[in-house]
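Colleague: Just dropping this structure here.
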Amino acid sequence: MTERLIKDLRPEDVLGEDVYKGNALALKKGKVLTKEWIDKLHRWGIEKVEVHQNGRTSEQKQEGKQLSEQELKRLFLENVIGLGNEYRFGFALNDQSRYEWLENLFCSIMKEPKVKALMDKLEDWDPYTYQHSFDVFILGALLAYESDFPNVRETAVGCLLHDVGKLKVPQEILWKNGALNGQEMGIVQSHTIHGYELLKEFKFSESIAAMALDHHERLNGRGYPRALASGDIGESARLIGVVDIYSALSLERPYRNAVCSHKALRIIVNEESVDMKYVKLLCETLEIFPTGARVELSDDRIATIVKIDDKLPTFPLLKEEHSSKVFYVPMNRRLRIRRMLVREQTEK
Ligand SMILES: [Fe+2]
């Protein structure tokens with residue numbers, strides 16, 4: 001490998017390292033550079049990158065190439081690390097058996113050639129959407145499991161491929177730095193329909209394709225593309241709707257900073273148009289709760305979360321109900337938050 005100034009790069013050079021813009025993964029190691037990518041690196045103010053000396057290497061990822069179990073596990077780990085798990089996943093991946101369950105599920109799903117081929121295309125087309133899709137897979141699969149969904153694997157595949165329709169959205173719109181105009185917004189929103197059609201074309205089941213179609217539908221009837229009424233939105237689409245917002249808010253983008261996990265959850269808790277049972281489950285799975293939340297502790301006491309350090313979202317400051325006692329969740333986790341108490345939700 002050799003270090004090269006951006007101005008000396010040429011199309012077909014292969015990146016030897018992941019490239020970050022701020023904390024956001026912008027381009028993955030192994031990427032074959034095009035003129036557009038080189039221009040982008042220049043615009044992002046990056047001065048130099050590592051590249052492979054001889055251009056394409058034999059080990060380099062080939063689109064659609066099947067990977068061994070070991071290579072898939074490595075990919076899983078790299079993807080998890082890329083998501084900044086310590087702040088965003090809370091305690092969700094701390095349990096070894098849970099981690100291995102997710103790892104095995106990912107490996108087994110990625111062994112389906114059509115899944116691998118679509119994910120490779122997505123990674124090349126838009127690294128952020130690839131990263132976001134993996135994130136939604138992790139959280140969506142965990143929530144589907146915790147909710148006793150009849151077919152967790154199917155929901156997990158739908159989570160991984162929910163945004164695959166972005167392949168049909170031009171990159172200049174996906175990467176636009178600034179507000180989209182009405183026409184561009186319409187094109188972005190059409191990723192739901194394109195995703196559905198693409199997944200049907202690849203012979204995925206109706207319920208997997210429906211997750212791509214319906215993940216932006218909302219319980220107040222103001223979602224898209226069909227503005228479905230709440231009664232017509234399935235459980236998988238409701239679940240992914242919650243996880244999708246959390247992921248979108250809390251992942252770093254090249255043009256804006258991430259919202260930290262507990263603040264993202266606070267935004268979602270105040271959102272009337274999503275299914276609160278999945279918001280509650282997401283908080284309980286991460287063991288991150290927003291300020292203002294009423295919670296039940298492992299010793300049966302009820303408390304309200306009054307303050308959270310952005311870097312320690314799993315150890316908030318609590319105020320016990322009907323008392324003036326204020327205390328932190330202890331680091332040794334002798335006392336934990338068992339569940340979040342939420343208001344009844346009425347659906348229109
Ligand atoms: Fe989407």
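Colleague: Of K111, K73, which residue is outside the structural domain of E17 (by TED's automatic domain parsing), surrounded by fewer than 16 Cβ atoms within 10 Å (Cβ to Cβ) and farther than 23 Å from H215 by Cβ? Give the steps one after another, and end with the answer.
Modeller: Working: K73 fails: surrounded by fewer than 16 Cβ atoms within 10 Å (Cβ to Cβ).
None of the other options fit; the residue is K111.
Colleague: Filter the strands (runs of 3 or more DSSP E) completely within segment 1-75 down to those with at least 3 residues that are at pLDDT 75 or above.
Modeller: Filter on segment 1-75 gives 2-5, 48-51.
Colleague: Does segment 269-276 contain any residue that is touching a strand residue (DSSP E or B) at 6+ places or on another chain (Cβ under 9 Å), without any contact (Cβ under 8 Å) to a residue 40 or more places away in the chain and part of a loop (DSSP other than H, G, I, E, B)?
Modeller: no
Colleague: If I filter segment 196-215 down to residues being buried (at least 22 other Cβ atoms within 10 Å of the Cβ) and assigned to a loop (DSSP other than H, G, I, E, B), which single residue comes out as nearest to the ligand (Cβ to nearest atom)?
Modeller: The selected residue is H215.
Colleague: List the helices (runs of 4 or more DSSP H) that sit entirely inside segment 129-189 and contain at least 3 residues that are touching a Phe, Trp or Tyr at 6+ places or on another chain (Cβ under 9 Å) and within 25 Å of K200 (Cα to Cα).
Modeller: Result: 152-160.
Colleague: Only one of K307, K319, K311 is touching a residue at least 24 places away in the same chain (Cβ under 8 Å), more than 16 Å from the ligand (Cβ to nearest atom) and over 15 Å from the mean Cα position of the chain (by Cα). Can you tell me which?
Modeller: Step by step, each of K307, K319, K311 is checked, and only K311 is touching a residue at least 24 places away in the same chain (Cβ under 8 Å), more than 16 Å from the ligand (Cβ to nearest atom) and over 15 Å from the mean Cα position of the chain (by Cα).
Colleague: Can I ask one more? Which ones in segment 179-195 are surrounded by 15 or more Cβ atoms within 10 Å (Cβ to Cβ) and within 22 Å of the chain's Cα centre (by Cα)?
Modeller: I187, V188, Q189, S190, H191, T192, I193, H194, G195
Colleague: While we're on this one: Could you grab the pairs with beta carbons closer than 6 Å, sequence gap of 6+ or different chains, first residue in segment 178-193 and more than 21 Å from N257 (Cα to Cα), second one away from the ligand (no atom under 13 Å from the Cβ)?
Modeller: What qualifies is E184/I173; I187/I173.
Colleague: In this structure, is E252 away from the ligand (no atom under 14 Å from the Cβ), closer than 22 Å to A156 by Cα and surrounded by fewer than 23 Cβ atoms within 10 Å (Cβ to Cβ)?
Modeller: no
Colleague: Which residue is farthest from N151 (Cα to Cα), if the candidates are limited to segment 217-240 and must be surrounded by 24 or more Cβ atoms within 10 Å (Cβ to Cβ) and within 13 Å of the ligand (Cβ to nearest atom)?
Modeller: Filtering first and then ranking leaves E217.
Colleague: Next question. Return only the number of the condition from (1) assigned to a loop (DSSP other than H, G, I, E, B); (2) out of contact with any Asp or Glu (no Cβ under 8 Å at 6 or more places or on another chain); (3) within 16 Å of the ligand (Cβ to nearest atom) that I193 does not satisfy.
Modeller: Failing condition for I193: (1).
Colleague: Looking only at segment 78-126, which residues are outside any helix (DSSP H, G or I) and at pLDDT 95 or above?
Modeller: Taking segment 78-126 first, the residues outside any helix (DSSP H, G or I) are 83-84, 89-95, 111-112, 126.
K111, E112 - these are the residues of segment 78-126 that are outside any helix (DSSP H, G or I) and at pLDDT 95 or above.
The values are calculated or read from the model by the stated rules, or taken from the named source; none is laboratory data. All values derive from a computational prediction rather than experimental measurement. Note: ideal-geometry Cβ built from the backbone for every residue, glycine included; neighbour counts use all protein chains shown.
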